[in-house]
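Everything on this sheet refers to the single structure shown next.
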Amino acid sequence: MHRNKLHVGLLAATAVLVFAGSANAADLYGGGATFPAPAYVGDFYNGTSPVAKLSRDSAITLPAVSFSVAGLGNSTGTKIPVFKDYHTRYSADAVSYCQTGSGTGKKILNNDGVFANGDCSPAGITGFSAISGQSAPDFIGTDAPIATADYNTFIANMASTRTAIVQIPVLAGAIALPFKDTVGGLTSVALNTEQVCRIFAGDIKNWNDSRLTSPVAGSHPITIVYRSEGSGTSFAFTSYLAAQCNGKFGLAADFFKPNQSYATAAASALPNYSASSAQAGNNGVVSKVKTTTDAIGYADIAEVLSQGVMYASVNGYDPATFGSAGPVSLAPASLLQAKVLDGATVNDVPASVAAPARNCTRLVAPTATISAAYPIAAVTYLAAYNAGNGTKATAIKNLFKQFYGPIPATNPDPRVALPTGYAYIDGNTLFRSSAVGSINSCIN
């Protein structure tokens with residue numbers, strides 16, 4: 001059995017005017033990563049015009065906003081988003097989530113020039129649309145784990161009241177490669193690792209290249225579509241490219257540099273492309289691919305399926321099968337504590353953060369593996385504060401534990417079923433108990 005490295009940053013909607021009302025006991029305002037949004041909030045945001053960045057439970061009515069907002073739910077099927085299930089379980093509590101990308105999410109966590117009570121508007125994100133006066137978020141989602149630079153900013157801006165960053169891995173998901181068919185009849189794409197490397201390095205730049213499994217006739221220059229903003233999806237994807245491509249296939253040993261900015265990570269590749277297009281959000285990437293002949297990009301498989309776009313298989317694996325066998329099992333030793341991830345390098349949390357609070361930053365090791373599965377995957381995290389959560393502390397703990405619900409010895413798993421291509425990551429009992437222990441002790 002071969003093993004694939006899991007590169008982890010190491011995967012009813014209406015345009016409404018929301019009027020003022022009263023807050024629940026614990027309305028939790030968060031945002032960040034777009035990669036896990038289909039699992040967190042569902043796909044109703046695709047039904048708004050313009051496409052909503054803000055999704056929130058109907059129980060949340062504050063603050064009033066005048067831009068597109070999506071409810072929590074799915075346009076097809078019966079799967080319930082995790083954050084909707086949260087309100088069902090804890091009726092006094094509800095969740096609001098703004099899709100900003102992981103980079104902006106971490107800036108808001110650190111009060112780094114962007115604040116939770118700014119607008120989550122499709123026209124321009126300045127925050128999470130939290131209530132007036134709430135400059136710090138209750139939580140964020142990120143696929144780009146906390147790095148030394150992120151932690152240093154936290155120490156400068158927030159440590160005096162919040163002590164430390166709590167980071168817990170919660171899901172794994174497949175990063176698919178959506179493509180648009182060509183005039184020449186490209187209706188399916190089967191790639192291997194080398195072909196993925198050569199396409200995104202700009203070595204293979206036309207769908208007629210003989211090195212592809214099924215080259216098409218005529219000239220069909222490839223357009224690479226990538227994320228314009230800081231993104232955990234980009235971090236995970238470029239981590240995969242760095243691990244699988246660097247030093248191989250004629251590429252330099254440092255050709256790809258893992259980074260939440262694709263333009264930075266692939267700076268050596270961009271000049272080689274026939275054409276390229278930077279788009280905001282996974283939704284934006286898939287939408288651009290959908291309307292651009294001969295394009296290929298990268299995004300979570302749920303977003304690709306939601307928009308009905310074709311996608312490539314890699315090494316014979318379909319990303320839509322990722323997680324179909326149930327929770328992913330990761331070795332307990334792969335759940336590191338007091339560690340940050342700088343590119344592909346694991347480093348210590350800054351020494352000024354005292355134990356045991358420094359141990360609250362948990363990281364899945366970049367070398368963690370999943371057996372015989374689609375190879376391009378990301379782990380997504382929730383992050384919050386160690387101290388200063390006040391009356392919301394229990395609600396935040398319960399939100400994090402939505403992903404680690406007690407699993408009985410017999411099926412069914414009491415947690416909601418995830419969208420296609422996502423998996424819970426607690427298939428190992430010791431891994432699960434370690435993560436839950438951190439949630440219980442670290443959020444105060």
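No value in this document is a laboratory result; all are computed from the given coordinates. Computed from a prediction, not measured in an experiment: that's the story for all the values here. Positions of Cβ are backbone-derived with ideal geometry, glycine not excepted, and every protein chain shown enters the neighbour counts.
Please find the FRET efficiency linking Asp413 to Gln337, where r is the Cβ-Cβ separation and R0 is fixed at 30 Å, and quote it to the nearest 0.05.
0.70
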Check your understanding: From the Cα gyration tensor of region 103-172, with a ≥ b ≥ c the square roots of its eigenvalues, which class applies: rounded if a/c is under 1.5, or else prolate if a/b is larger than b/c, or else oblate?
Key -> oblate
Review point. For labels at Ala190 and Ala25 in the simple 7 Å Cα→Cβ model, what's the distance in nm?
Key: 5.5 nm
Exercise for review: Provide the gained length on full extension for the span Thr291 to Ser268, in nm with one decimal, where the gain is 0.36 nm per separating residue minus the Cα-Cα distance.
Suggested key: 5.6 nm
Practice item. Quote to one decimal, in nm, the extra length available between Ser434 and Thr78 on full extension: 0.36 nm per residue of separation minus the C-alpha distance between them. Key: 125.0 nm
Review point. What lysines sit close enough to Lys180 to cross-link, taking a C-alpha to C-alpha distance under 25 Å and skipping anything fewer than 8 places away on the same chain?
Key: Lys53, Lys205, Lys288, Lys290
Check your understanding: When the helices in the chain are scored as -39500 (n - 2.57) per DSSP H run of 4 or longer and the sum is shared across all residues, what 222 nm value do you end up with, to the nearest 500 deg cm²/dmol?
Key -> -6000 deg cm²/dmol
Check your understanding: In whole Å, how far is the Cα centre of region 43-82 from that of region 274-315?
Key -> 22 Å
**Study point:** Under-5 Å amide H pairs with Asn206, H placed in peptide plane, nonlocal only
**Key:** Ile222
